[in-house]
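Colleague: First the structure, then my questions, so here it is.
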Amino acid sequence: QVQLVESGGGLVQAGGSLTLSCAASGSIFSFNAMGWYRQAPGKQRELVAGITRGGSRNYADFAEGRFTISRDNAKNTVYLQMNSLKPEDTAVYYCAANLGSSLADRAMDYWGKGTPVTVSS
């Protein structure tokens, strides 16, 4: 059983930056797809960004150009660099991993407990 632990969330002013980390208790090399998701109050959880074992990335439209996902298999860690943050980015951010290739919410095998991000205006 792999555990995922997110860190790096917090309070930041609009226009600022944060880097989220997702540390796995075991090797992440076996996970083909890893992703960052977020859930704002009163809204459904949504995909922010995903990355495959080979390094292919995809982003939600709102994240394109502002967020960067990366993974370090040697450190068993996935990162989400967030720049130019907006108040609407306020949410709990979750890391998830899938042995398969899908990034669909229901397809993910493991989830972290989330780290809150608050962007003030």
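The values are calculated or read from the model by the stated rules, or taken from the named source; none is laboratory data. Source: prediction; values computed, not measured. As a convention, Cβ positions derive from the backbone with ideal geometry for all residues, glycine included, and neighbour counts pool all protein chains shown. Accessible surface areas use protein heavy atoms only, side chains included; no ligands, DNA or RNA. Shrake-Rupley method; radii C 1.70, N 1.55, O 1.52, S 1.80 Å.
Colleague: For Q13 and S120, compute 0.36 nm times the residue count separating them, minus their Cα-Cα distance, and round to one decimal in nm.
Modeller: Length gained, Q13 through S120: 38.0 nm.
Colleague: Cα centroid distance between the stretch 30-45 and the stretch 52-121, in Å?
Modeller: 7
Colleague: Give the residue list of trypsin sites (Lys or Arg not before Pro) in the stretch 28-72 that are DSSP loop and have at most 15 other beta-carbon atoms within 10 angstrom.
Modeller: Of the trypsin sites (Lys or Arg not before Pro), the ones in loops of the stretch 28-72 whose Cβ has at most 15 other Cβ atoms within 10 Å are K43, R53, R66.
Colleague: Right, something else. Per residue, what volume in Å³ does the convex hull of the Cα atoms of the stretch 13-106 enclose?
Modeller: 97
Colleague: I want to check the label-to-label distance for F29 and A60. Put each point 7 Å from Cα in the C-beta direction and report it in nm to one decimal.
Modeller: Taking the simple label geometry, F29 and A60 are separated by 3.2 nm.
Colleague: For the chain, what is the percent of antiparallel DSSP beta bridges, rounded to the nearest 5?
Modeller: The antiparallel proportion sits near 90 percent.
Colleague: First measure r as the distance between the Cβ atoms of K75 and S102, then evaluate 1/(1 + (r/R0)^6) with R0 = 30 Å and state the FRET efficiency to the nearest 0.05.
Modeller: 0.80
Colleague: Still on this structure: Enumerate the whole-percent occupancy of each 5 Å bin, from 0 to the last occupied one, for all C-alpha pair distances of the stretch 1-64.
Modeller: Final binned percentages: 4, 13, 19, 27, 22, 10, 5, 0.
Colleague: Would you mind getting the accessible area per residue of the stretch 1-60, heavy atoms of the protein chains only, 1.4 Å probe, in Å²?
Modeller: Here the residues of the stretch 1-60 average 51 Å² of exposed surface.
Colleague: If I take R0 = 25 Å and measure r between the Cβ atoms of T68 and Q1 in this structure, what FRET efficiency does the formula 1/(1 + (r/R0)^6) give, to the nearest 0.05?
Modeller: 0.30
Colleague: Rank these residues by their accessible area, most exposed first, probe 1.4 Å: D61, D105, D89.
Modeller: If we order D61, D105, D89 from most to least accessible, we get D61, D105, D89.
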